[in-house]
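The values are calculated or read from the model by the stated rules, or taken from the named source; none is laboratory data. Predicted model only: the values in this text are computed from it and were never measured. Quick reminder, even Gly has a Cβ in these numbers, built from the backbone with ideal geometry, and neighbours come from all protein chains shown. Surface accessibility is based on the protein's heavy atoms, side chains included, excluding ligands, DNA and RNA. Shrake-Rupley method; radii C 1.70, N 1.55, O 1.52, S 1.80 Å.
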Amino acid sequence: MSELYLLRHREIQGLNQLKTYTANGGFDTWKKVVSTLKPEEVTQVVKDSGLRGRGGAGFPTGVKWSFLPTNIWPHYVVANADESEPGTFKDREILESNPYQFIEGLMIACYAVQAKDAYIYFRGEFAQIAHKFEERLQELTSKGLLGDKLFGSEYSLRIHPHLGAGAYICGEETALLESIEGKLGQPRLRPPFPAVVGLFDKPTVINNVETLTNLPIILGKGAAHFRTQGTEKSPGTKIFCLSGRVKNPGNYELPLGTTFRELIYTHGGGILNDRAIKVIMPAGASSSLIPATEAALDTPMDYESVPALGAQLGSASVIVLDETVNISDLVSSTVNFFEHESCGKCTPCREGTYWMAHILERINSGKASKADIELLKTVASQMQNKCFCALGEFSISAVLTGIQHFRADFDARVEN
Amino acid sequence: MNTFKKIHASEIERLLANYPPDRKQAAVMPLLHLAQQEAGYITEPVMQEIAEICEISATEVASIVGYYTMFHDQPGGKIRLMVCTDVACRLHGAREYLSALCNELGVAPGGTSSDGLVTIEEVKCIAACDHAPVFQSQIGDEVEYHENQNPGRTLDWLRLMTASMKTGQASMNLGQEADHE
């Protein structure tokens, strides 16, 4: 295992207590940033580090920040803690066990864009974590680490937790903003982008929990140090969420560019009951299905190499399927997810996920014919590039790649 | 007569202060969470009161309640068991686990036990895929994780919880299992 930067609580007991966190250098970087750096210098360090957003899209974080216009105020920063992609459970570990490093990162992002109010959007199922954060934020305010005129400067900052109530789509950043504003969590038309017209119609940065948790390390140790891990285009470490049919599921913090083989076999202990591996889903339920060939296993997990396999790294939620999994079954499970979570705003997604779910149910109950497999493919293909947001687009990834690579699994269901 | 506002005056004030003064609508979800703490679901009169506080229509509040799966407008069991049967959990027998639980309790997913204490719901991913099978309990507005479950373990926990509810004891130590910090 390489050095831990994000999951430091595994080495330092009690890191989720403020006194332990500060005893281990916590908030030193925050003080340094506010006392000695200009906002644009902070953004430059993050740009130099090459940090890319860990929520799924992989967009360079420092570049995202620099899109905020400096003639429209106030600015807001929103932390996306709506972790909901099936197979993803990394942010939850950070929020429970290394919360202050995340908060310090959020504070640094706020300073960089001179936001005086920030929101943390927790998914409703994280209610307990959110309640604990109320206490943590009060504690930080009472210690003078949050609040007015910090460290004798003119800079003031308040952080507000906001609790969702069960809606996957709120992880989509514009739906998340709608949800904070007290509306239905449905995506907005873009442009305008949130960087210009965001929360309460003001310029807004939205960053994922893991992205923000990197910032105290980057500002503390410097951009060059950050680049000692990972690849040139995908620097740093990443938390890989490993689940499915592996012996040791869990979160593994590894340099970007680590191979699937190392994650699954060295860290994950290999496949349950030593069966053969069949499929890798690198980005949770939104994944394209990657047949687990030797070449696929030797592919580095970074933002450039995974697309070469016809898939995306996404949030790095690696779900592993063994030889006993029928892909038609698996696909019905991913499609049911998207059918349930479709917000209903656009027709291709609302109707498409509904019909895909129904056709798959027919196939898997043995009541379908081969023509139904073609029909399923047609419905999925007609949704492609027509949905309002990524949810609809992702709902067809497993369907199309499943039929493409594992047609026999579908055929077996209609022949019997 | 706004009774919800009267009872929770200071808490409502505190929640509204999280948002710009001209954006009271933003407080609708925090207020609904607050309302749900009492009875485990949100009544129409309370929705009306929240609408007044947020300066929106009661219909808008009702649509928020209907849209988000964790807000309830109907009473359910005192304990809601939310069992994840999503992709990763399903690969670890979550569907079999759920049907075993339902059989034991004599309810279908979405249903409530005859004593009115337990409602079972089948839910989507709850970010605990490495500890499947897993469920969350929702009591009032308190949500807890219960990981690495099997039917026997879950039923033992349920027996303990429902027994203390029946005798009216407040011995609900929910924190034990969920605390893995």
Compactness of the range A:327-415, expressed as Rg and Dmax over alpha-carbon positions, Å:
11.9, 37
Calculate log10 I(q)/I(0) of chain B for q = 0.13, 0.19 Å⁻¹, where I(q) comes from the Debye formula with a single equal point scatterer on each Cα and nothing for solvent.
-0.75, -1.21
Apply the a/c threshold of 1.5 to the C-alpha gyration tensor of the range B:39-88 and tell me whether it is rounded, prolate or oblate.
oblate
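About the Cα centre, and with charges only on the beta carbon of Lys, Arg (+1) and Asp, Glu (-1), how big is the dipole of the protein assembly as shown? Nearest 20 debye, please.
Working: 54 positive and 72 negative charges, 170 e Å.
That gives a dipole near 820 debye.
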Counting only heavy atoms of the protein chains, get the accessible area per residue of the range B:3-67 (1.4 Å probe) and round it to a whole Å² value.
48 Å²
The lysines whose Cα lies under 25 Å from the Cα of A:Lys202, excluding any fewer than 8 residues away in the same chain, are A:Lys38, A:Lys47, A:Lys64, A:Lys116, A:Lys149, A:Lys183, A:Lys345, B:Lys24
Using a simple charge model, +1 on the beta-carbon of Lys and Arg, -1 on the beta-carbon of Asp and Glu, nothing else, what dipole does the range B:79-178 show about its Cα centre, in debye to the nearest 20?
180 debye
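Tell me the volume per residue, in Å³, of the convex hull enclosing the alpha carbons of the protein assembly as shown.
Values: hull volume 91.5 nm³, N = 597.
Given the Cα convex hull of the protein assembly as shown, per-residue volume reads 153 Å³.
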Relative contact order of the range A:49-114, please, whole-number percent, based on alpha carbon pairs below 8 angstrom and at least 6 residues apart.
27 percent
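Mind checking how much accessible area A and B bury in total, 1.4 Å probe, in Å² rounded to 100?
On the way: alone 16750 and 10340 Å², together 22910 Å².
What A and B bury together is about 4200 Å².
Send over the semi-axes of the range A:237-322's equivalent ellipsoid, whole angstrom and largest first, taken as the square roots of 5 times the C-alpha gyration tensor eigenvalues.
Details: eigenvalues 58, 39, 26 Å².
With the √(5λ) rule applied to the range A:237-322, the semi-axes are 17, 14, 11 Å.
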Using a 1.4 Å probe on heavy atoms of the protein chains only, the accessible area for B:Glu96 in Å², nearest 10, reads 120 Å²
In nm, give the distance between the simple-model label positions of A:Arg10 and A:Ala408, each being 7 Å from the Cα along the Cα-to-Cβ direction.
3.7 nm
Computed accessible area, B:Arg153, all protein chains, 1.4 angstrom probe, square angstrom
100 Å²
Within the range A:341-416, which GluC sites (Glu not before Pro) sit in a loop by DSSP and count at most 12 neighbouring Cβ atoms inside 10 Å?
none
Using the Cα centre of chain B as origin and beta-carbon charges of +1 (Lys, Arg) and -1 (Asp, Glu), tell me which of B:Cys89, B:Met29, B:Ala108 is placed farthest towards the positive end of the dipole.
B:Ala108
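Using only atoms on other chains, find how many Cβ atoms lie within 10 Å of each Cβ of peptide A:115-125 and report the average.
On the way: counts 0, 0, 3, 0, 3, 0, 0, 0, 3, 9, 14.
Neighbouring Cβ atoms belonging to other protein chains average 3 per residue here.
Figure the gain on full extension for A:Glu41 and A:Asp329 (residue separation times 0.36 nm, minus the Cα-Cα span) and round it to one decimal in nm. Working shown, then result.
Working: separation 288, 0.36 × 288 = 103.68 nm, distance 5.14 nm.
Extending this stretch completely gives an extra 98.5 nm.
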Can you pull the mean other chain C-beta count within 10 Å for peptide B:117-127?
5
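For the range A:71-176, which GluC sites (Glu not before Pro) are both in a DSSP coil and crowded by at most 16 other Cβ atoms within 10 Å?
Working: sites: A:Glu83, A:Glu93, A:Glu96, A:Glu104, A:Glu125, A:Glu134, A:Glu135, A:Glu139, A:Glu154, A:Glu172, A:Glu173; in loops: A:Glu83, A:Glu154, A:Glu172.
Passing sites in the range A:71-176 are A:Glu154.
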Solvent exposure, largest accessible area first (probe 1.4 Å, DNA, RNA and ligands not counted), of A:Arg245, A:Arg123, B:Arg95:
B:Arg95, A:Arg245, A:Arg123
Among all the lysines, which ones have a C-alpha under 18 Å from B:Lys124's C-alpha, if same-chain residues fewer than 8 places away are not counted?
A:Lys90
Among A:Leu157, A:Leu212, A:Leu313, which one shows the highest mean-square fluctuation when chain A is modelled as a Gaussian network with alpha-carbon springs under 10 Å?
A:Leu157
Mind checking which aspartates and glutamates have their Cα closer than 19 Å to the Cα of A:Lys31? Skip sequence neighbours fewer than 8 apart in that chain.
A:Glu40, A:Glu41, A:Glu104, A:Asp117, A:Glu139, A:Asp148, A:Glu154
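Between A:His340 and B:Thr43, what is the FRET efficiency for a Förster distance of 30 Å, r being their Cβ-Cβ separation, to the nearest 0.05?
0.70
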Prolate/oblate/rounded call for the range A:103-243, Cα gyration tensor, a/c under 1.5 rounded
rounded
Table column - 3J(HN,Hα) (Hz), the range B:40-45, Karplus curve with 6.51, -1.76, 1.60, x for Gly and Pro
x, 8, 10, 8, 4, x
Average beta-carbon neighbours from other chains, 10 Å sphere, peptide A:325-337
2
To the nearest 20 debye, what charge dipole does the range B:1-113 have about its Cα centre, counting +1 at the Cβ of each Lys and Arg and -1 at the Cβ of each Asp and Glu?
240 debye
Give me the accessible area of B:Ser114, 1.4 Å probe, in Å² rounded to the nearest 10.
130 Å²
Cut-off 10 angstrom, C-alpha nodes, Gaussian network model of chain A. Which of A:Gly198, A:Gly269, A:Gly250 fluctuates the most?
A:Gly269
R0 of 51 Å, Cβ-Cβ distance B:Asp115-A:Ala390: FRET efficiency to nearest 0.05
0.70
Which Cα, out of A:Phe226, A:Trp65, A:Asn207, lies furthest along the positive dipole direction of the range A:8-226 (beta carbon charges, K/R +1, D/E -1)?
A:Phe226
Only Cα pairs within less than 10 Å get springs; with that Gaussian network setup on chain A, which residue of A:Asn98, A:Asn208, A:Asn385 has the largest fluctuation?
A:Asn385
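Is the shape of the range A:8-226 best called rounded, prolate or oblate, per the rule: a/c under 1.5 gives rounded, else a/b larger than b/c gives prolate, else oblate, with a ≥ b ≥ c the square roots of the Cα gyration tensor eigenvalues? All intermediate terms of the calculation are to be shown ahead of the outcome.
On the way: a/c = 1.41, a/b = 1.14, b/c = 1.25.
Rounded.
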The range B:79-178: relative contact order in percent, alpha carbon pairs under 8 Å with at least 6 residues between:
30 percent
Local charge sum around A:Gly166 (other residues, Cβ-Cβ under 12 Å, Lys/Arg +1, Asp/Glu -1)?
-1
